[in-house]
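Report on the structure given below.
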Amino acid sequence: MFTEDDLLPLSALQHLRFCERQCALIHVEGLWAENRLTVEGSHLHRKVHDGPDESRRDVRTVRGMPLRSLRLGLVGQSDAVEFHLRTDGDGGAPGVRLEGASGEWVPFPVEYKRGRPKRDRSDELQLCAQALCLEEMLGVPVPRGALFYGETRRRKDVELDGALRADTEETAARLHRLIASGVTPRAVREPKCESCSLLDLCLPEALDSGRSATRYLARALAALEPLPPADSSP
């Protein structure tokens, strides 16, 4: 179990999955820069968080709900958590009681993304981390959630299975190991660097593993050395 002082941002999980160096630059060195993608993402999240809570007959929606897991050492905020009225078709999974509502309600986290579904499971992993926080906080299972993509305007339901849960827990542990080490991994230039807002701070061309830092520094210093005096002999 972690203490309150040990908690790391939920969002750091995706930074880690995208690039360990990016994660360390942000969460170890405290660097940050915006680009079009991060601004669009921040705008979408603010729009969702600032929206009103909603109440329908069988679904209650809470926006911007604080999340925390002392077991995983994570803290953050949900985009939205829907509470679905439990029915006999839920397989007997218990729900929570909501003030002013009868019956039991099953938590269902919904994460909003600006783009479209990714090839990997990084979005599902962040959603699963939210579900694990909810399970710890509310004491009930959270078997499913959803991802809403702004570019496609479609919602993708996600089954939070055992493999995804194990991956999420291991990623959280790896995040804590990286931050505790205080070491920023060496830069490696990859195609995905083009979409990173920290590209100009990371400088992968100058520091990638295919180049010698000593040779790079020597060339840089040589460029600053004054030219030798011209030969004045007749």
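The table below gives the values:
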{"quantity": "Qualifying residue in region 103-120 (condition: modelled with pLDDT of 95 or more, farther than 23 Å from residue 42 by Cβ, surrounded by 16 or more Cβ atoms within 10 Å (Cβ to Cβ) and among the acidic types (Asp, Glu))", "calculated": "no"}
{"quantity": "Residue match in region 28-46 (condition: assigned to a helix (DSSP H, G or I) and among the aromatic types (Phe, Trp, Tyr))", "calculated": "no"}
{"quantity": "Condition check for residue 62: in the same structural domain as residue 155 (by TED's automatic domain parsing) and assigned to a helix (DSSP H, G or I)", "calculated": "no"}
{"quantity": "Test for residue 66: is it surrounded by fewer than 13 Cβ atoms within 10 Å (Cβ to Cβ), within 22 Å of residue 124 (Cβ to Cβ) and either in contact (Cβ under 8 Å) with a residue 24 or more places away in the chain or within 18 Å of the chain's Cα centre (by Cα) (or both)", "calculated": "yes"}
{"quantity": "Filtered residues of region 1-13 (kept if surrounded by 20 or more Cβ atoms within 10 Å (Cβ to Cβ) and part of a helix (DSSP H, G or I))", "calculated": "12, 13"}
{"quantity": "Any pair with Cβ under 7 angstrom, 6 or more apart, that starts in region 121-137 at a residue that is at negative phi and assigned by TED's automatic domain parsing to the domain that holds residue 163 and ends at one that is polar (S, T, N, Q) and assigned to a helix (DSSP H, G or I)", "calculated": "122/14; 125/168; 125/171; 126/14; 128/168; 129/168; 132/168"}
{"quantity": "Region 15-61, subset under 30 Å from residue 182 (Cβ atoms) and without any contact (Cβ under 8 Å) to a residue 12 or more places away in the chain, residue surrounded by the fewest Cβ atoms within 10 Å (Cβ to Cβ)", "calculated": "30"}
{"quantity": "Hits in region 103-123 (condition: assigned to a loop (DSSP other than H, G, I, E, B) and either of a type in the set (D, E, K, R) or under 15 Å from the mean Cα position of the chain (by Cα) (or both))", "calculated": "104, 114, 115, 116, 117, 118, 119, 120, 121"}
{"quantity": "Single residue of 48, 39, 81 found to be at pLDDT 95 or above, closer than 28 Å to residue 17 by Cα and not aromatic (Phe, Trp, Tyr)", "calculated": "81"}
{"quantity": "Matching residues, region 160-174, being closer than 10 Å to residue 124 by Cα and either touching a Pro at 6+ places or on another chain (Cβ under 7 Å) or part of a loop (DSSP other than H, G, I, E, B) (or both)", "calculated": "160"}
{"quantity": "Among (1) in contact (Cβ under 8 Å) with a residue 24 or more places away in the chain; (2) part of a strand (DSSP E or B); (3) of a type in the set (Val, Ile, Thr); (4) more than 29 Å from residue 179 (Cβ to Cβ), the one test that residue 152 misses", "calculated": "(2)"}
{"quantity": "Check on residue 76, of a type in the set (Gly, Ala, Ser), in a strand (DSSP E or B) and either out of contact with any Lys or Arg (no Cβ under 6 Å at 6 or more places or on another chain) or within 30 Å of residue 30 (Cβ to Cβ) (or both)", "calculated": "yes"}
{"quantity": "Residue satisfying condition, being under 19 Å from residue 1 (Cα atoms) and among the hydrophobic types (A, V, I, L, M, F, W, C), within set 134, 127", "calculated": "134"}
{"quantity": "Where residue 100 falls short, out of the listed (1) assigned to a loop (DSSP other than H, G, I, E, B); (2) modelled with pLDDT of 90 or more", "calculated": "(2)"}
{"quantity": "Every residue from region 45-63 that is among the hydrophobic types (A, V, I, L, M, F, W, C) and within 18 Å of the chain's Cα centre (by Cα)", "calculated": "48"}
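The values are calculated or read from the model by the stated rules, or taken from the named source; none is laboratory data. Quantities reported herein were computed from a predicted structural model and do not represent experimental measurements. Glycine also receives a Cβ, built like all others from the backbone with ideal geometry; neighbour counts cover every protein chain displayed.
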